[in-house]
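For reference, the structure discussed in these notes is given below.
The values are calculated or read from the model by the stated rules, or taken from the named source; none is laboratory data. This one's a predicted model, so the numbers in the text were calculated from it and none came from an experiment. Because the Cβ atoms are built from the backbone with ideal geometry, glycine has one as well, and the counts that use them run over all protein chains shown. Heavy atoms of the whole protein, side chains included, go into the accessibility calculation; ligands, DNA and RNA do not. Shrake-Rupley method; radii C 1.70, N 1.55, O 1.52, S 1.80 Å.
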Amino acid sequence: MFGAEASGTYNFGTDGGFSGSGRAEQALQYKLNLGDLSLGAQYLASEDELHTTGENGEDLSAVLNFNNSYGISALYQTPFDIGLGLAYNKAKIKLSANGASTDEVDDELISAHITYRPYGSLGLHVALVYTDMKNHDVDDVGKFMNKSTGIELFSAYRFDNDISVIVGYNSLKDNSSSNNPVASDGLFHKKYYILSAKYHWDEDFHLYIESKIDDSTLHDDTTSLAEDATGIGMMFTF
């Protein structure tokens, strides 16, 4: 229910299709498997305009001309149930906000991950993602983060009785330093913890309860962000 907000995959509040880091549209992809090593390359041929909004729904900015996007990746599965991954993505973008605008700049992302054992298997599973980003996302008031870093931790333990407990952590830290009125001031830090439990009815269906403990720092103390939350649900995969 919570998570996947710090790796830069789904940037600008979208599915990541504009910049190519998430569900890319109009993209050419090539993948090559060499035993336990998997290599990938992608070119995104599109030109789009995206309007971003603030916490209260007001129109804050427009991200223009996502083009010349490309990405490369490498995944390696070691013999010790440890998976390693590295990815790089780059796009050209231009941002206009609050009457000001940037020149065309590079939207860059480099991400690395390590995993232990496949998710859903009995026992322990751990995944850690670290991402370094440049002009890849906005803060909570819609200002450009010209530099930011993200950490996502996901750990799960599945018992023999088909109950899993999950602990997670998301941290998206703004490291901006710019006098540009479109750019952020480096104060924003989205940070929260995740606690969850679920019951695997079978391999395709589970019930769950999940809580988010929010410890974020906002760009503006008068602006509200999602607070602590708990939800219950069910999921069926096919």
What distance in nm lies between label points placed 7 Å from Cα along the C-beta direction at Asp106 and Glu47? 2.2
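Could you sort out which of Lys31/Lys190; Lys92/Lys212; Lys94/Lys147 sit more than 23 Å apart by Cα distance in this structure? Let's see the in-between values first.
Working: Lys31/Lys190 34 Å; Lys92/Lys212 34 Å; Lys94/Lys147 15 Å.
Too far apart for the 23 Å limit: Lys31/Lys190; Lys92/Lys212.
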Rounded to the nearest 0.05, what FRET efficiency do Asp160 and Phe238 have when you use their Cβ-Cβ distance and R0 = 30 Å? 0.75
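How much net charge surrounds Thr237 when only the other residues with a Cβ under 9 Å from the Cβ of Thr237 are counted, with Lys and Arg +1 and Asp and Glu -1? Provide the component values of the computation, followed by the final result.
On the way: positive: none; negative: Glu203, Asp204.
Summing Lys and Arg as +1 and Asp and Glu as -1 gives -2.
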Counting only protein heavy atoms and leaving out ligands, DNA and RNA, the solvent-accessible surface of Thr14 at a 1.4 Å probe, in Å² to the nearest 10, equals 30
Extension gain from Leu84 to Val167, taking 0.36 nm per residue of separation minus the Cα-Cα distance: 27.8 nm
Taking every other residue with Cβ under 14 Å from the Cβ of Thr131 and scoring Lys and Arg +1, Asp and Glu -1, one gets -2
What is the distance, in nm, between label points placed 7 Å from the Cα along the Cα-to-Cβ direction at Ser177 and at Leu32? 4.0
For the pair Arg23/Thr149, report the inter-label distance in nm, with labels modelled 7 Å from Cα in the Cβ direction. 3.1
Under a Cβ-Cβ cut-off of 10 Å, what is the net charge of the residues other than Val165 that fall near it, where Lys and Arg count +1 and Asp and Glu count -1? +2
Residue separation times 0.36 nm, minus the C-alpha to C-alpha distance between Met1 and Thr217: what's the value? 75.6 nm
